[in-house]
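Chemist: Input: one structure, supplied below.
The values are calculated or read from the model by the stated rules, or taken from the named source; none is laboratory data. Small disclaimer: the values here were computed from a predicted structure and weren't measured. Because the Cβ atoms are built from the backbone with ideal geometry, glycine has one as well, and the counts that use them run over all protein chains shown. Accessible surface areas use protein heavy atoms only, side chains included; no ligands, DNA or RNA. Shrake-Rupley method; radii C 1.70, N 1.55, O 1.52, S 1.80 Å.
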Amino acid sequence: MNVIAGARDLATRHLRESGIFIAFAALVILFAALNPNFLSANNLTNIILQYSYILILAIGMVMVIVAGQIDLSVGSVVALTGAVSAVVVIRMGMPWYVGVLAALVVGLLVGIWQGFWVAYVGIPGFIVSLAGMLLFRGLTYLVLDNVSLSPFGGTYYEIANGFLNGLLGGMGFDVFTLVIFGIAVAGYAVSQWRSRQGKIAYQQQVETLGLFVLKIVLVAAVVMWFGYQLSTYRGLPLVLIILAVLIIVYALVTQKSVFGRHIYAVGGNRHAAELSGVKVRRINFWVFVNMGVLASVAGIVYSSRMNAAQPGAGNMFELDAIAACFIGGASTTGGIGRVGGAMIGGLIMAVMSNGMQLMGVPQSMQQVVKGLVLLLAVAFDIWNKKRAASAR
């Protein structure tokens with residue numbers, strides 16, 4: 001009973017976060033019941049490959065939103081950076097890594113361009129990125145001469161389509177994949193234990209030990225099951241490694257670094273942050289620079305996945321990334337949001353899209369469902385704020 005009471009208390013105190021996980025679990029159970037192939041190893045791998053670039057964009061977008069800004073240009077930047085890679089690798093015949101570096105440099109320059117107008121000229125991010133959406137899309141058409149370029153082939157193609165398999169052997173499953181997932185589970189357990197001990201040291205409220213152990217066991221079971229499914233198909237996707245590294249790095253940056261704390265300070269109360277000595281312009285500048293670089297990473301992954309660069313690539317990606325952040329708990333007013341929440345929000349979008357595709361739902365209806373989910377997520381955020389305010 002203590003565990004049940006503790007779970008109820010934890011869910012009440014963290015309604016926003018618990019609601020996200022409950023919604024995600026409910027969606028997975030629903031689509032698994034409607035289509036047995038949803039949880040197959042093949043389909044789980046496809047979800048990773050097909051939506052990894054949206055998750056990469058969501059990592060950068062959540063930082064932009066936390067800072068109280070918005071970036072509508074990331075879809076066009078994905079297209080532009082993929083186009084630059086294609087010109088360098090396919091048209092000019094350069095090695096794959098030169099194309100990757102060229103795309104990253106373009107993304108960096110895009111971020112510097114937009115960060116300058118937002119931070120030092122004072123134009124709202126909405127207007128700057130809206131202009132950027134048109135500007136970078138037009139540049140994409142110019143770079144590609146209005147035609148698609150393909151194929152990349154070789155190592156560049158493997159970035160988003162390659163797998164690590166057979167490094168440690170295995171009978172019917174890949175041992176290396178299970179080892180990597182086991183290390184991830186162990187790392188998660190250690191980080192959660194240290195976080196719990198830190199809260200206890202500062203006399204903050206934590207869940208009961210039984211509930212804590214139950215949470216770790218459930219997470220470990222789900223993660224290892226997911227890893228086993230991947231290991232029975234083609235092994236560990238390279239793009240999953242890229243995504244995992246980015247998630248870990250940016251989770252540390254946003255939660256443990258001075259820069260990350262300053263982002264939250266700026267988004268929470270810009271005037272108070274300035275009075276506290278936070279260099280608001282510099283923070284906004286680097287937030288947009290970071291978004292440009294991550295958009296270029298997404299552009300590399302997307303063009304690799306498609307094995308081509310297309311003038312219309314990245315269309316509506318910005319809306320998927322923004323929706324992932326808001327569904328994942330980011331606040332429309334800034335100052336609130338986490339990388340982990342954005343990832344769960346992105347996975348909710350991925351699961352909805354993939355599940356509806358397996359069910360044969362028309363594309364038009366899929367857009368309707370996504371729009372309603374985003375609207376309800378923001379409405380829930382507003383309701384939760386009012387509830388918290390009335391409880392004070």
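Chemist: Quick one: accessible surface of ILE159, probe radius 1.4 Å, all protein chains present, in square angstrom to the nearest 10.
Modeler: Estimated to the nearest 10 Å², ILE159 gives 30 Å².
Chemist: Kindly state, to the nearest 0.05, the FRET efficiency for ALA272 paired with LEU376, given R0 = 35 Å and r defined as their beta-carbon distance.
Modeler: The value I calculate is 0.65.
Chemist: Relative contact order (percent) for segment 289-361, with alpha-carbon contacts under 8 angstrom and 6 or more residues of separation?
Modeler: Relative contact order here is 21 percent.
Chemist: Further question: Which value in nm describes the separation of the simple spin-label points at VAL147 and GLN205, placed 7 Å from the Cα toward the beta carbon?
Modeler: 6.6 nm
Chemist: Still on this structure, I have one more. Once both labels are modelled 7 Å past Cα along the beta-carbon direction, what's the PHE116-LEU44 spacing in nm?
Modeler: Once both label points are built, they end up 4.8 nm from each other.
Chemist: Could you name the lysines in cross-link range of LYS279, using Cα to Cα under 30 Å and dropping any fewer than eight places away on the same chain?
Modeler: Partners within reach: LYS199, LYS256, LYS385.
Chemist: Between segment 276-303 and segment 169-188, how many Å separate their Cα centres?
Modeler: The distance from the Cα centre of segment 276-303 to that of segment 169-188 comes to 33 Å.
Chemist: For segment 249-263, in order, what is each residue's ³J(HN,Hα) by Karplus, 6.51 cos²θ - 1.76 cosθ + 1.60 with θ = phi - 60°, in whole Hz (x at glycine and Pro)?
Modeler: 4, 6, 5, 5, 4, 6, 9, 10, 9, 5, 4, x, 5, 5, 4
Chemist: Still on this structure, I have one more. Running a GNM on the chain with Cα contacts under 10 Å, which residue among GLY82, GLY235, GLY170 ends up with the highest mean-square fluctuation?
Modeler: GLY170
Chemist: For semi-axes √(5λ) of the Cα gyration tensor in Å, the listed values are [x] 33, 23, 21; [y] 71, 32, 19; [z] 33, 29, 20; which was obtained by calculation from the structure presented?
Modeler: Computing semi-axes √(5λ) of the Cα gyration tensor in Å and matching it to [x] 33, 23, 21; [y] 71, 32, 19; [z] 33, 29, 20 gives [z].
Chemist: Highest first, please rank the peptides 20-27, 310-317 by the mean number of other Cβ atoms sitting within 10 Å of their residues.
Modeler: The peptides rank, most packed first, as 310-317, 20-27.
Chemist: Restricting to DSSP H runs of at least four residues, report the calculated mean residue ellipticity at 222 nm for the chain, -39500 (n - 2.57) per run over all residues, nearest 500 deg cm²/dmol.
Modeler: -25500 deg cm²/dmol
Chemist: Leaving out ligands, DNA and RNA, what percent of the accessible area of segment 166-233 is carbon and sulfur, probe 1.4 Å?
Modeler: 69 percent
Chemist: Let me ask something additional. What are the aspartates and glutamates whose alpha-carbon lies under 12 Å from the alpha-carbon of LYS215, with same-chain residues fewer than 8 places away excluded?
Modeler: Here the aspartates and glutamates satisfying the reach criterion relative to LYS215 are GLU207.
Chemist: Next question. Taking Cα centroids, how far is segment 46-122 from segment 205-260 in Å?
Modeler: Centre-to-centre distance over Cα atoms comes out at 25 Å.
Chemist: From Cα pairs below 8 angstrom and at least 6 apart in sequence, can you work out the relative contact order of the chain, rounded to a whole percent?
Modeler: Contact order relative to length: 34 percent.
Chemist: Can you give the relative contact order of segment 166-233 as a percent, counting alpha carbon pairs under 8 Å and 6+ residues apart?
Modeler: In percent, rounded to a whole number, it is 50.
Chemist: Expressed in nm to one decimal, what extension gain is obtained for the pair ALA26 and ALA244 from 0.36 nm per residue of sequence separation less their Cα-Cα distance?
Modeler: My answer for the length gained is 76.1 nm.
Chemist: Continuing with the same structure: What lysines could a cross-link reach from LYS386, if we take a straight Cα to Cα line under 25 Å and drop same-chain neighbours fewer than 8 places away?
Modeler: LYS370
Chemist: Principal axis lengths of segment 166-233 from Cα atoms, whole Å, largest first?
Modeler: Principal extents (Cα only, largest first): 48, 18, 12 Å.
Chemist: For a protection proxy built on the mean count of beta-carbon atoms within 10 angstrom, sort 299-305, 220-226 highest first, please.
Modeler: Order by mean packing, descending: 299-305, 220-226.
Chemist: Let me ask another. Quote to one decimal, in nm, the extra length available between VAL175 and ASN315 on full extension: 0.36 nm per residue of separation minus the C-alpha distance between them.
Modeler: Gain on stretching VAL175 to ASN315: 46.6 nm.
Chemist: Ranked by accessible surface with a 1.4 Å probe, highest first, in what order do MET352, MET306 come?
Modeler: Putting MET352, MET306 in descending order of accessible area: MET306, MET352.
Chemist: Output the direction-averaged projected area (hull surface divided by four) of the convex hull of the alpha-carbon atoms of segment 202-277, in nm².
Modeler: 8.0 nm²
Chemist: What full-extension length gain, to one decimal in nm, is calculated for PHE226 and LEU252 as 0.36 nm per residue of separation minus the Cα-Cα distance?
Modeler: 6.9 nm
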